[in-house]
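Each value in this text was obtained by applying a stated rule to the coordinates, not by laboratory testing. Source: prediction; values computed, not measured. We place every Cβ from the backbone using ideal geometry, glycine too, and count neighbours over all the protein chains shown.
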2 protein chains.
Amino acid sequence: MSIDLEIARAATLAPIAQIAEKAGIPVDALEPYGKYKAKIGLDFVQQIRHDRPIGKLVLVTGINPTPAGEGKTTTTVGLGDALNLIGKKAMICLREPSLGPCFGVKGGAAGGGHAQVVPMEDINLHFTGDFHAITAANNLLAAMIDNHIYWGNSLGIDARRITWRRAIDMNDRALRGIVGSMGGVANGFPREDGFDIVVASEVMAAFCLAYDLADLQTRLGRIIVASTRDGKPVTAADLKADGAMAVLLKDALAPNLVQTLAGSPALVHGGPFANIAHGCNSVMATTLGLHLSDVVVTEAGFGADLGAEKFLDIKCRLAGLAPDACVIVATIRALKMHGGVAKADLGREDVGAVRRGIANLARHVGNIRKFGLPPIVALNRFTADTEAEIAAVQQAMAALGTEAILCTHWSDGAQGTVALAHAVMQRLDAGEANFQPLYPDAMPLADKIRAIAQGIYRAADVALPDAVAAKLARFEAQGFGHVPVCIAKTQYSFSADPTALGAPEGHVLPIRDVRLSAGAGFVVAICGDVMTMPGLPRVPAAETIRLDAEGRIEGLF
Amino acid sequence: MSIDLEIARAATLAPIAQIAEKAGIPVDALEPYGKYKAKIGLDFVQQIRHDRPIGKLVLVTGINPTPAGEGKTTTTVGLGDALNLIGKKAMICLREPSLGPCFGVKGGAAGGGHAQVVPMEDINLHFTGDFHAITAANNLLAAMIDNHIYWGNSLGIDARRITWRRAIDMNDRALRGIVGSMGGVANGFPREDGFDIVVASEVMAAFCLAYDLADLQTRLGRIIVASTRDGKPVTAADLKADGAMAVLLKDALAPNLVQTLAGSPALVHGGPFANIAHGCNSVMATTLGLHLSDVVVTEAGFGADLGAEKFLDIKCRLAGLAPDACVIVATIRALKMHGGVAKADLGREDVGAVRRGIANLARHVGNIRKFGLPPIVALNRFTADTEAEIAAVQQAMAALGTEAILCTHWSDGAQGTVALAHAVMQRLDAGEANFQPLYPDAMPLADKIRAIAQGIYRAADVALPDAVAAKLARFEAQGFGHVPVCIAKTQYSFSADPTALGAPEGHVLPIRDVRLSAGAGFVVAICGDVMTMPGLPRVPAAETIRLDAEGRIEGLF
């Protein structure tokens, strides 16, 4: 059994109504799912968003991820816990984990050590069924496309130009590419198709950006699923699928309340991919949290170049949120890898490598300032870190006018993040933030891509093939020029080359393709391959997952 | 808005803890799902099955269904309500409806009028997520098959002989037949495949027949998914998928508690197809109900030739249940159709047609007696039924030594089924039942098929092609000779010809194929085409389903 699971199982959880009460949620606004999970009714969310003032919003992001691990989720949990410990009223907003990957490689996505959201097994499995509902909505739309063609195709859908794919919450490479409708007249017209994992579905992205049910239904209706032979887009609303999809999602849209091991309320809701989508929890959860607490601590996927940029330029822009501070998580181990050390050699002190790797962290610090936000560095401590290595980071951050705060929440829980909590509160109280997105809505789409590439990735330029530029022009002609862009590139580097660690610059960002996510409300710019359906490894975790004699789960974490 | 929905929405529901208390379920055994649904913890189910005596079991079945409608579910609900009304402690056990079909043709599956289980919209949509969990377990196994082949196929699976299909809870004809793993080396070896609707999955059948979690895991492990080139079966246990599948199903296996409009406790749990599976709610729910109440009223799918036979020969045999009485539901309208009247002409009195149609009902009455059970006929009254028509049925049933009780639960609720409740109690109190399955375990499989065909369908014989007989012999050689058989044939007739209404006899039952459901624990004998993936109609209900301005569902029922 993993230490994370051991700690989680040893914890005594408070009944969810007690957590709700602490958070200021009346018990009749709760829809319990078992004893330790609840959904918070949409009526209450609507009402409180009209009634109450807004708290401060703190984003937790990270350096470019390495195999050494950084600990963004644990830091998010630890910071929320520590804020509550020092007397603030804080809520934590996280993404829901996807079920499918649990059966591939061992490990959950609900924090770790003494900084976890619980019940961790439930959260990592079916939880409250949100992803199943999103899968169903995605696949109802797919079924209605083929059904429309089957019964005469009055909309004139060009079957070669159907872009809507089916979805499943499973790592299943066999479904990446399929030919459907095989088997004769009764089964329809055979065509190429495929499944994405549900976190890659545009329904997930639209769900996470929706302000309320009506907005969700509108977004779903806007989803473009295909085009006609003469290039006219066909939407979910054209197929009259939007209403039924919204019905499938109406319960799911209510945010999920759980607790941390320290008893802090946590909203865990929605979980779009951070490559072809924006990678943050739902707007529903974040706005609810801001109306319930002094401080909301939330997280974005991948490193700050992708995660924070999308959180700020997509989610905050579209939801009208103005964050107040940004914590950048780093570890000595990961900085060493950015400084050129191989994973096997991380055990040795190497101050030089740390200094070289700081280039990656320093650039994220500078980038966050471009959005008008104060950056604070959380140095997530591992036992092997040496004083000299830590001092190198602290000196470098001081030179940049910020600070690197040592965090030991994994082993110490909230106590290990109190210093970070104080540092964050200092920035919040000083009112240092003056948030602005990186680019204005009105900028042409190609220029938006360039603004991110040059401003955040420090690329010399963008390589935009003519065909891709023409697609952007078409999106603009269709009335989607005002939307933000969502860059799908590797999370391991500022560049499109996953091996270029540290702080590469002067590179050219190749845009392979662009796609319009009209329902979510952004244009995706794809640099390199984007994996939207993982496969299982040679020995999947599923092979060792079972129930023990007491009916408890073995082998999942 | 339909009358059913209007009535359901006007009802004031009791908090589910109150229903549980009435049923004798302690509140700490409940896992609430919202305010009006709960799962009953497996620990409590295990414990009470050791501690408490067993109530009486009443099956509600019907004549062969016609487009005129019979009302088995409403009668089941009405009878349970009436038993509670007359002072008995009764529980109702029903199948869970499938989500997919809701988007095809309008209408739910939670009863109707004043005889409904509620909250009906929840029950018909995601409910407590059981079907999503079963879908995930089914598809994890599928992914592990292709993954095993991808990584070297050490079990030597013959890809042409993979019988395990993927599943989805959606009416989607485009997924009936697919070619998967398209797109090159990274996606695996292309092969023919397809999706069934989840109620047709063997995981569903195994789930519904499982006595507890350990038994479920054993059944899942036994599922045969493919064979090797030399004909050796490959099981889910060979793929080491059984443990993870059981983990996915562990919450789902806990029975769901809801209430009727009259406040009776109802267990709504599991829902296998009634053609290629056995078509009844879970053994978990039925056995729990029997330990909580004086009488459990439960339902089987389709007419008594399929539904009751499978309930008795498969579910009761495998779970060690001994039912005490059997209610056969009929309507004047349906009897007229069995008597040769077209649907459009049902409005006119036609005693002659009723008399001819009674042949269908009378045969079911006789069949139920073959199992040692007292049959009672519930005549589900429609306003257009005339006194003479009703008298014809009552006289005929009296002549058969039973009675036809008029029921008006649809319009009158429990009051409309009090007479039926008294009639049932009379049989129960008299202890008339002496249950025995139709055939012994030890009978050869081919003879079991013949026993059903001749004993229940009144066929002259069975047409069993040599290849099919050889398959049966192989199942016996593999050690599955002792299992019951599950006949998949049309529900509209005693014969395999759906147009042969009334009481055909002397026909020959053609067995097209046989399949071993080793996990569920039966052999399926297929007569004619079996549809395991429905399609959507020309104008699917989904097109008119939406949320109204108050966020309520429109167009679903």
For this session: Could you list which residues have their amide H under 5 Å from that of residue B:376, counting only those 5 or more apart in sequence or on another chain, with H placed in the peptide plane?
Result: B:326, B:327, B:328
Problem set entry | Residues of type aspartates and glutamates that residue B:88 reaches as a straight line, Cα spacing below 17 Å, ignoring anything fewer than 8 places off in the same chain | B:21, B:294, B:324, B:429
Problem set entry | Value of [θ]222 nm, deg cm²/dmol, for chain B, DSSP H segments ≥ 4, -39500 (n - 2.57) each, nearest 500 | -10000 deg cm²/dmol
For this session: Give me the aspartates and glutamates in straight-line cross-link reach of residue B:336: C-alpha distance below 13 Å, same-chain residues under 8 apart excluded.
Result: B:70, B:345, B:349, B:350, B:385, B:389
Seminar exercise, completed: Label points for residue B:3 built 7 Å along Cα→Cβ; distances to same position in the other copies, nm, shortest first, come to 6.7
Problem set entry | Over 28 Å between alpha carbons, listed pairs A:315/A:370; A:39/A:315; A:72/B:250 | A:72/B:250
Exercise. Could you give, in nm with one decimal, how far residue A:461 is from each other copy of that position, shortest first, with labels 7 Å out from Cα toward Cβ?
Worked result: 8.5
Seminar exercise, completed: If each part is reduced to its alpha-carbon centroid, segment B:17-68 and segment A:530-547 end up apart, in Å, by 36 Å
Problem set entry | Per-residue HN-Hα couplings for segment B:45-53 [Karplus 6.51, -1.76, 1.60; θ = phi - 60°; Hz; x = Gly/Pro] | 4, 4, 5, 5, 5, 8, 8, 10, x
For this session: Starting at the first residue of segment A:16-24, write each ³J(HN,Hα) from the Karplus equation 6.51 cos²θ - 1.76 cosθ + 1.60 with θ = phi - 60°, in whole Hz, x for Gly and Pro.
Result: 5, 5, 5, 5, 4, 4, 4, 7, x
For this session: Taking amide H positions as placed in the peptide plane 1.01 Å from N, state which residues far from residue B:94 in sequence (5 or more) or on other chains have amide H under 5 Å from it.
Result: B:267, B:268, B:269
Problem set entry | Lys, Arg +1 and Asp, Glu -1 on Cβ, resulting dipole of chain A about Cα centre, debye, nearest 20 | 780 debye
Exercise. With the radius of gyration and the Kirkwood radius both derived from the Cα set of the protein assembly as shown, what is their ratio Rg to Rh?
Worked result: 1.00
Exercise. To the nearest Å, what is the center-to-center distance of segment B:240-284 and segment B:172-217, using C-alpha atoms only?
Worked result: 19 Å
Exercise. Looking at segment B:128-179, which chymotrypsin sites (Phe, Trp or Tyr not before Pro) are DSSP coil and have at most 16 other C-beta atoms within 10 Å of their C-beta?
Worked result: B:151
Exercise. Could you give, in nm with one decimal, how far residue A:512 is from each other copy of that position, shortest first, with labels 7 Å out from Cα toward Cβ?
Worked result: 4.4
Seminar exercise, completed: With x for Gly and Pro, the residue-by-residue ³J(HN,Hα) of segment A:347-353, computed from phi through the Karplus equation 6.51 cos²θ - 1.76 cosθ + 1.60 at θ = phi - 60° and given in whole Hz, is x, 8, 4, 7, 5, x, 5
Exercise. Lysines near residue B:489 by alpha-carbon distance under 17 Å, same-chain residues fewer than 8 away left out - which ones?
Worked result: B:310, B:448
Exercise. What GluC sites (Glu not before Pro) does segment B:263-351 have in DSSP loop regions with at most 15 other beta carbons within 10 Å?
Worked result: B:349
Seminar exercise, completed: Amide H contacts under 5 Å for residue A:488, restricted to residues at least 5 apart in sequence or on another chain and with H modeled in the peptide plane, are A:525, A:526, A:527
Seminar exercise, completed: One would report the antiparallel percent of DSSP beta bridges in chain B, rounded to the nearest 5, as 45 percent
Exercise. Per residue of B:529-536, what is the mean number of Cβ atoms on other protein chains within 10 angstrom of that residue's Cβ?
Worked result: 2
Exercise. Toward the positive end of the charge dipole of segment A:445-527, about the Cα centre and with charges on Cβ (Lys, Arg +1; Asp, Glu -1), which of A:488, A:449, A:511 goes farthest?
Worked result: A:488
Exercise. For segment B:465-552, which GluC sites (Glu not before Pro) are in a loop by DSSP, counting at most 15 other Cβ atoms within 10 Å?
Worked result: B:505, B:550
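Of the beta bridges DSSP finds with both residues in the protein assembly as shown, what % are antiparallel, to the nearest 5?
Numbers: 57 of 129 bridges.
Here the antiparallel bridges make up roughly 45 percent for the protein assembly as shown.
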Exercise. Can you tell which of B:414, B:323, A:478 lies farthest toward the positive end of the dipole of the protein assembly as shown, using +1 and -1 charges on the Cβ of basic and acidic side chains (Lys, Arg; Asp, Glu)?
Worked result: A:478
